[in-house]
Amino acid sequence: MLEQKDKMGGISVPHEVQEKLAVERFYYDNKIVKMFAYATIFWGAIGMLAGLLAAIQLYLPGANFDTAETTFGRVRPVHTNAVIFAFVGNGIFMGVYYSLQRLCKARMFSDKLSKVHFWGWQLIIVAGAVTLLAGYTTGKEYAELEWPIDILITIVWVLFGINMFGTILKRRESHLYVAIWFYIATWVTVAMLHIVNSFEIPFSAFKSYSWYAGVQDALVQWWYGHNAVAFFLTTPYLGLMYYFLPKAANRPVYSYRLSIIHFWALIFIYIWAGPHHLLYTALPDWAQSLGVVFSVMLIAPSWGGMLNGLFTLRGAWDKVREDPVLKFMVVAVTCYGMATFEGPMLSLKSVNAISHFTDWTIAHVHVGALGWNGFLTFGVLYWIIPKIFNTTLYSRKLANTHFWIGTIGIVLYVVPMYWAGFTQATMWKSFTEEGTLTYQFLETVTHIESMYVLRSIGGTVFISGVFLMVYNLFKTVKSGNLVANEAAEAAPLARHQIIAHSDKHWHRWIERRPVQMLVFSLIAVAIGGVLEIVPTFLIKSNVPTIASVKPYTPLELQGRDIYVANGCYTCHSQMIRPFRDEVARYGEYSKAGEFIYDHPFQWGSKRTGPDLARVGGKYPDSWHYNHMMDPRIMSPGSIMPPYAWMLDKQLDTSSTGARIRAMQKLGVPYPEGYDKIANQDLMKQANEIKANLKKDKIETSSTTEIVALIAYLQRLGVDIKKTDDAAVLP
């Protein structure tokens with residue numbers, strides 16, 4: 001045992017010292033582990049079913065069920081939040097609560113805090129799902145939850161941190177094993193990301209505007225979005241890998257030194273890579289270049305971690321053939337390696353020019369989500385449940401079957417998405433010999449519908465494996481009894497008795513000091529964020545203003561909020577990149593100064609529908625009315641869901657003043673006192689749209705949501721067109 005601890009970076013204590021230390025009896029809390037395990041399984045099934053529904057909606061518009069709450073734009077963020085924060089989140093806590101107690105040789109700091117953490121997190125999940133389906137969203141990917149839930153997340157996360165650090169501080173082991181390093185870095189970095197990205201101005205009980213606007217909002221959001229992947233979907237799972245993979249293989253971690261390099265290089269470099277989500281956009285070039293450089297550098301520490309995991313299995317590969325736990329973990333680590341190679345590759349500008357806004361990105365994300373997070377979670381569940389119920393797995397054969405079903409499901413999911421992404425990019429950029437675009441945008445959508453069908457089949461296969469696991473684990477639980485309080489013994493930590501040579505290696509010093517580990521981790525991750533974000537706020541040339549760009553009118557502001565509430569950004573971008581095909585298809589490429597009043601930005605990350613940055617004035621009001629009533633009337637073959645309820649649903653004009661006041665606090669230059677008369681301008685513009693619709697034999701009320709949405713859509717790009725027109729005047 002001592003030999004294994006040495007190889008994993010532990011500290012050996014002479015036998016004569018051990019004999020002087022009194023052995024204490026204590027109990028591990030397995031009940032909280034069981035609760036998080038059950039939540040992981042439950043929310044995993046729910047989140048994946050929501051994803052399957054969203055996948056089906058992309059080729060079967062009827063699956064949107066003609067209601068606001070079940071449209072793709074609202075279901076998709078429910079799916080992403082459920083998988084990330086409900087499935088993976090509970091999986092993290094399950095693994096941390098199990099491993100931390102054993103690595104520290106101590107029960108969790110507070111049973112009461114453990115329970116508050118559990119129920120608080122489940123409340124966040126339920127509140128998030130309900131509010132997102134109801135249309136309360138910030139409109140920022142992976143950070144859609146509104147301000148009251150953001151506050152609750154902060155409180156629960158702090159309580160988790162207190163419980164975790166309390167346990168570490170009362171530990172009976174001097175040295176902090178590598179898994180704990182990743183847990184600490186996860187906690188401090190997620191706290192930083194969440195707080196900085198969640199600055200917002202509320203104007204009602206469930207609605208707010210982002211503190212940041214346009215370019216700055218985009219940079220902060222993808223600094224958060226990329227590092228939510230890094231520090232919620234990656235670093236805690238690396239911690240789980242470093243604990244559960246050696247346990248399952250009964251082998252020490254391959255290299256202690258490599259784990260040190262892996263940890264510090266990863267957390268320092270990862271935080272810089274966010275801007276690679278915004279290549280060729282209105283983000284300043286220097287920020288884009290920084291994102292590319294650090295993204296490419298990420299390959300080294302990421303693959304260092306992958307190899308450290310796989311080499312741990314040296315001498316144990318014969319067990320992989322039989323043990324389903326190791327099978328899941330090996331494929332999980334391999335998928336981690338694949339995703340962390342592809343990510344830097346996609347950050348190269350030449351590759352990103354092809355991949356961005358296409359389904360290639362969807363394939364890339366799901367290699368990590370299904371393979372890395374999904375399979376590692378399954379492996380941990382198959383390992384933990386029999387342990388805490390003091391039994392054996394009900395059926396290894398069923399678990400192995402689950403492994404092969406899941407693997408086939410991943411392949412059936414990602415291969416069609418790669419194919420669809422390459423097809424989209426090729427068709428979008430295709431020109432005729434005469435120099436005109438070969439395909440209309442809708443043709444590029446209908447051409448890949450079969451790929452969407454195959455994707456949903458792959459998802460169905462993957463989920464069927466999950467339900468097989470549910471049955472297997474249910475039978476396992478029935479065959480055993482929960483060891484709620486698992487007995488353990490260890491000598492108390494006596495710092496004055498730790499031998500001096502433990503500090504000879506520089507990293508041993510910090511491994512014994514969790515507070516210093518937290519502080520150094522925070523410094524490592526804060527440097528990149530500060531150096532990338534602060535200059536965009538302090539140096540005006542990063543976001544040059546455009547004189548013709550004016551604030552949204554009250555009706556347009558209301559329409560924009562309807563657009564955001566319905567998740568239109570999940571299918572439509574508002575960012576024209578400086579490429580020949582995009583300029584030919586959509587109009588003049590986007591400039592930083594045209595987004596200065598956009599709280600939040602709406603650049604999007606996927607084009608299932610065409611870009612809307614210059615759609616204003618392109619079609620008459622009646623076209624938009626009919627298109628929202630039934631997209632297939634105006635665009636035969638469209639996969640967009642109808643939004644017919646907007647034709648009758650009344651606009652909440654009572655909130656107009658509050659919206660204007662919130663925008664004024666954010667620096668939008670509405671005249672003083674404008675909030676009191678804003679509805680007058682709103683009605684004037686609404687009546688003009690009503691009159692335009694009447695000319696085309698469409699009767700509607702001035703205060704319906706469709707009128708406000710039309711006002712917003714007709715505004716998009718108009719200010720820039722004015723600039724272009726002025727440029728050609730004599």
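The values are calculated or read from the model by the stated rules, or taken from the named source; none is laboratory data. All values derive from a computational prediction rather than experimental measurement. Every residue, glycine among them, receives a Cβ derived from its backbone with ideal geometry; neighbour counts consider all protein chains shown. For the accessible areas, the whole protein counts, side chains as well, though only heavy atoms, and no ligand, DNA or RNA atoms are used. Shrake-Rupley method; radii C 1.70, N 1.55, O 1.52, S 1.80 Å.
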Subject >> Output for region 659-669, where each listed residue is outside any helix (DSSP H, G or I) and open to solvent by 60 Å² or more (accessible area, probe 1.4 Å) >> reply: Pro669
**OP:** Please indicate, with yes or no, whether at least one residue in region 428-444 is aliphatic (A, V, I, L, M) and open to solvent by less than 10 Å² (accessible area, probe 1.4 Å).
**Re:** no
Original post:
Can you tell which of Thr189, Thr131, Thr167, Thr154 is of a type in the set (S, T, N, Q), under 19 Å from the mean Cα position of the chain (by Cα) and over 28 Å from Asp561 (Cα atoms)?
Top reply: Thr189
Original post:
Is it true that some residue in region 637-658 is open to solvent by less than 50 Å² (accessible area, probe 1.4 Å), β-branched (Val, Ile, Thr), at pLDDT 95 or above and assigned to a helix (DSSP H, G or I)?
Top reply: yes
Original post:
If Ala526 satisfies every condition in (1) surrounded by 21 or more Cβ atoms within 10 Å (Cβ to Cβ); (2) farther than 17 Å from His599 by Cα but one, which is the exception?
Top reply: (1)
Subject >> Search result, residues across region 197-252 that are β-branched (Val, Ile, Thr) and at pLDDT 95 or above >> reply: Ile201, Val215, Val220, Thr234, Thr235
Original post:
Among the residues of region 493-516 satisfying the criterion of being surrounded by 14 or more Cβ atoms within 10 Å (Cβ to Cβ), under 27 Å from Asn30 (Cα atoms) and of a type outside the set (Asp, Glu), which is modelled with the highest pLDDT?
Top reply: Pro514
Original post:
So, in region 475-492, of the ones that are open to solvent by 30 Å² or more (accessible area, probe 1.4 Å) and part of a strand (DSSP E or B), which residue ends up farthest from Lys387 (Cα to Cα)?
Top reply: Glu489
**OP:** May I ask you to list the residues in region 547-568 that are open to solvent by 10 Å² or more (accessible area, probe 1.4 Å) and not in a loop (DSSP other than H, G, I, E, B)?
**Re:** Glu556, Asp561, Ile562, Ala565, Cys568
Original post:
Residue check, Trp623 against (1) within 31 Å of the chain's Cα centre (by Cα); (2) not in a loop (DSSP other than H, G, I, E, B), all met but one. Which one?
Top reply: (1)
**OP:** Give Leu381, Leu376 a once-over and let me know the one that is within 21 Å of Tyr142 (Cβ to Cβ) and among the hydrophobic types (A, V, I, L, M, F, W, C).
**Re:** Leu376
Original post:
Tally time: how many residues in region 432-469 are over 22 Å from Gly637 (Cβ atoms) and in contact with an Asp or Glu (Cβ under 7 Å, 6 or more places away or on another chain)?
Top reply: 0
**OP:** Report yes if Thr545 is at pLDDT below 95 and touching a Leu at 6+ places or on another chain (Cβ under 8 Å), otherwise no.
**Re:** no
**OP:** Return the residue satisfying two criteria in turn: it lies in region 279-294 and is open to solvent by 50 Å² or more (accessible area, probe 1.4 Å) and out of contact with any Pro (no Cβ under 7 Å at 6 or more places or on another chain), and of such residues it is farthest from Ala218 (Cα to Cα).
**Re:** Val293
Original post:
Can you find a residue in region 451-473 that is open to solvent by 30 Å² or more (accessible area, probe 1.4 Å) and under 30 Å from Phe579 (Cα atoms)?
Top reply: yes
Original post:
Do we have any residue at all in region 236-251 that's crowded, with 23+ Cβ neighbours inside 10 Å and closer than 13 Å to Trp303 by Cα?
Top reply: yes
**OP:** Taking the options Glu699, Glu672, Glu688, Glu705, name whichever one is surrounded by 22 or more Cβ atoms within 10 Å (Cβ to Cβ) and of a type in the set (D, E, K, R).
**Re:** Glu705
Subject >> helices (runs of 4 or more DSSP H) wholly inside region 1-74 that include at least 3 residues being at pLDDT below 55 >> reply: 2-7, 15-20
Subject >> Matching residues, region 602-611, being in a loop (DSSP other than H, G, I, E, B) and open to solvent by less than 20 Å² (accessible area, probe 1.4 Å) >> reply: Gln602, Trp603, Gly604, Arg607, Thr608, Gly609, Asp611
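So, Val229, is that one under 30 Å from Ser110 (Cα atoms), hydrophobic (A, V, I, L, M, F, W, C) and open to solvent by 30 Å² or more (accessible area, probe 1.4 Å) or not?
Working: under 30 Å from Ser110 (Cα atoms): yes; hydrophobic (A, V, I, L, M, F, W, C): yes; open to solvent by 30 Å² or more (accessible area, probe 1.4 Å): yes.
Against the criterion (under 30 Å from Ser110 (Cα atoms), hydrophobic (A, V, I, L, M, F, W, C) and open to solvent by 30 Å² or more (accessible area, probe 1.4 Å)), Val229 qualifies.
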